[in-house]
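As structure tokens, the structure follows; a few thoughts come after it.
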Amino acid sequence: MNLKLTKPLAFFDLEATGINVIADRIVEISIIKLNPNGTEEVMTEKINPTIPIPKEVSEIHGIYDEDIKDAPTFKERAKDFDRFLKGCDLSGFNLIRFDVPMLVEEFLRAGVDFSLDNRSIVDVQRIFHLMEPRNLSAAYKFYCNGTLENAHSAEADTRATMEVLLSQVDRYKGVKIKDAKSEKEIEPVTNNVKELHQLSTYSFADLVGRIAYNSKGEEVFNFGKYKNKKVTDVFKSDPSYYDWIMKNDFALSTKKKLTELRFKMKLGM
């Protein structure tokens, strides 16, 4: 169907060096401008972020330092992007939480006052989550073609979860997708609990994401003034930081992990 537009609607997506709006930078921008008459205009460009792209981030979006070393910086292209988006409303997937703040931040750094005044913003992800809830009842209906009775009853939810997993394993048997890292086709959902475990694990050293792993597999802080710094390095340079965490409102799993790392450090392990 055709959207009823009174002015152009610019769909856009950003790839960046990370998700920190203040510290990270755009490495690619793609804009599809849908005009009221139904015509489209496309603008896609690689951007030199002027800072290194972390290896683990490059493995996700496939853009490496070598790919953008000769690309223009955002500042060099900012006025062109501003002209292309002039008079447009904006749309994207999760753009309210990430793409719009990142884009505006880059414009401001480039000295371009990109205003959101008089622009409508349409977040496709919000519509998706509103109309297609991602909860157990929705999963049971999708995979088991049934209605979950007594939802939020512990036993009913547990049994439904079991039935959903059995249906998932059956439904996706032999289904292959492209692996983002290797570009090879893989079969992610198999009838093997150890392999299913790999789909469910997070790249965090604790349970709440306060301690992450860097590209070398070393534990780093994932918050605060020492974000992305090795835990052991911080403990050496600022021993009081450990005591501060222990005395404040952090998850016990975080405190436990930090205590283990501190103990290993003292033992020279």
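Data table
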{"read-out": "Student exercise, segment 117-161 dipole from Lys, Arg, Asp, Glu Cβ charges, in Debye to nearest 20", "value": "100"}
{"read-out": "Rg/Rh ratio calculated on Cα atoms of segment 211-267 (Kirkwood radius)", "value": "0.92"}
{"read-out": "The chain, helix-only ellipticity at 222 nm - DSSP H runs n ≥ 4, -39,500 (n - 2.57), divided by all residues, nearest 500", "value": "-11500 deg cm²/dmol"}
{"read-out": "Charge dipole magnitude, Cβ of K and R +1, D and E -1 - segment 211-267, Cα centre, debye nearest 20", "value": "80"}
{"read-out": "Dipole in debye (nearest 20) - the chain, about Cα centre, beta carbon charges: Lys, Arg +1; Asp, Glu -1", "value": "740"}
{"read-out": "Cross-link table K173/K257; K178/K230; K227/K257; K55/K173; K55/K257; K33/K227, entries beyond 28 Å C-alpha to C-alpha", "value": "K173/K257; K178/K230; K55/K173; K33/K227"}
{"read-out": "Estimated Rh, segment 9-128: Kirkwood, alpha-carbon pairs, angstrom", "value": "14.7"}
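Values quoted throughout were computed directly from the atomic coordinates according to the rules given, and no laboratory measurement underlies them. This structure is a prediction, so every number in the text was calculated from the model and none was measured. Glycine also receives a Cβ, built like all others from the backbone with ideal geometry; neighbour counts cover every protein chain displayed.
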